[in-house]
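Student: Before I ask anything, here is the structure I am working with.
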Amino acid sequence: MGWAARFFDIIRVFGPLLEKAILENAKLLGMDETVFKVLDSPKKIALFKAELQAKGAALEKLKLEKLEKDTDKEKSKDGNEGDTKSNKEDVDLLGGNTAGSNKNKVIITGYVWAMVNPLAKLAMYKFSPSRCSINPKLMLEGVKEPLNLLTDAYPGYNGVVENADGIIERSKCWSHARREIRDACPARGNDYILERIRKLIDWLFKIERDNKELSAEELMVVRKKRSTRILTMIKAYI
């Protein structure tokens, strides 16, 4: 583990380059986060959290300044006072996720955030001591072109999309849609319902499985030809 840690210290310089490459000309981006427990000194963890907190506060300040500028423009245009209230979220990350301690070290529940650009065949994983929406906001700050963001239903992504001025459009996952349908079904007598919806959604997945070797453009043609009919069937069935 010591060797691995030193190796990652050496290649850490490539992190920002990889992040930039993933976001560059990205049309589709998948994001998710998973629990990851970390054992470290309280001082180091506090510094790491403080750094994230400072970045989040700086981002919030920029957003507020932009909002005030836009409001001033609106006021000068139509004479209205406007609303300068910010949607400032709580960025206090210094508590609430400690899972225990061991030999003068603290165990915290952090998160590893995954970011995948399937068209560029690039992926990266980024650790954070928090699950709050500051993380996707900071990770997607460099997006300048229209982007389709594929995520689960975690509301932490909502602010990213709302503050992107229409550049980022959010899509959600069919696996999670299937789970929501399962949860909505009655406890008894739902076998037929679930089996039917499972098959319909699996037909969508089969299109992807059968056409892995196609380019993005070719796959889009196949999707339009085969997916539309299945989506119509799913909608009618629901």
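Student: Looking at 235, 144, 224, which is the one that is part of a loop (DSSP other than H, G, I, E, B), open to solvent by 70 Å² or more (accessible area, probe 1.4 Å), more than 30 Å from residue 44 (Cα to Cα) and not β-branched (Val, Ile, Thr)?
Tutor: Going through 235, 144, 224 in turn, the sole match is 144.
Student: Just to be sure I understand the filter: pairs with C-beta atoms under 6 Å, separated by 6 or more residues or on different chains, first member in region 49-72 and of a type in the set (Asp, Glu), second member modelled with pLDDT under 75 and open to solvent by 80 Å² or more (accessible area, probe 1.4 Å). Which pairs pass?
Tutor: Final answer for the pair search is 60/88.
Student: I'd like to know if region 174-194 contains one or more residues that are acidic (Asp, Glu), assigned to a helix (DSSP H, G or I) and at pLDDT 90 or above.
Tutor: So far as region 174-194 goes, no, none of its residues is acidic (Asp, Glu), assigned to a helix (DSSP H, G or I) and at pLDDT 90 or above.
Student: Does region 61-69 contain any residue that is modelled with pLDDT of 70 or more, in a helix (DSSP H, G or I) and farther than 27 Å from residue 171 by Cβ?
Tutor: Yes: one or more hits.
Student: Consider region 111-126. How many of its residues are surrounded by fewer than 18 Cβ atoms within 10 Å (Cβ to Cβ), within 13 Å of the chain's Cα centre (by Cα) and under 15 Å from residue 16 (Cβ atoms)?
Tutor: So the answer is 3.
Student: Identify all residues within region 208-221 that are part of a helix (DSSP H, G or I) and either open to solvent by 70 Å² or more (accessible area, probe 1.4 Å) or among the acidic types (Asp, Glu) (or both); write none if there are none.
Tutor: Matches in region 208-221: 208, 209, 210, 217, 218, 220, 221.
Student: Can you report the number of residues in region 155-207 which are among the basic types (Lys, Arg), under 26 Å from residue 224 (Cβ atoms) and open to solvent by 70 Å² or more (accessible area, probe 1.4 Å)?
Tutor: 6
Student: A further question follows. Just to be sure, is residue 58 within 21 Å of residue 164 (Cα to Cα) and open to solvent by 40 Å² or more (accessible area, probe 1.4 Å)?
Tutor: Considered against the rule, which asks whether it is within 21 Å of residue 164 (Cα to Cα) and open to solvent by 40 Å² or more (accessible area, probe 1.4 Å), residue 58 comes out as yes.
Student: Return a yes/no flag: does region 222-231 have any residue that is at pLDDT 90 or above and farther than 30 Å from residue 121 by Cβ.
Tutor: The answer is no, given that none of the residues of region 222-231 is at pLDDT 90 or above and farther than 30 Å from residue 121 by Cβ.
Student: Still on this structure, please answer the following. Tell me, please, whether a residue that is open to solvent by 50 Å² or more (accessible area, probe 1.4 Å) and modelled with pLDDT under 80 can be found in region 34-41.
Tutor: So far as region 34-41 goes, yes, one or more of its residues are open to solvent by 50 Å² or more (accessible area, probe 1.4 Å) and modelled with pLDDT under 80.
The values are calculated or read from the model by the stated rules, or taken from the named source; none is laboratory data. Note that this is a predicted model, so its numbers are computed, not measured. All Cβ positions, glycine included, derive from the backbone under ideal geometry; neighbour counts span all protein chains shown. Areas reflect the complete protein model, heavy atoms only, side chains present, ligands, DNA and RNA absent. Shrake-Rupley method; radii C 1.70, N 1.55, O 1.52, S 1.80 Å.
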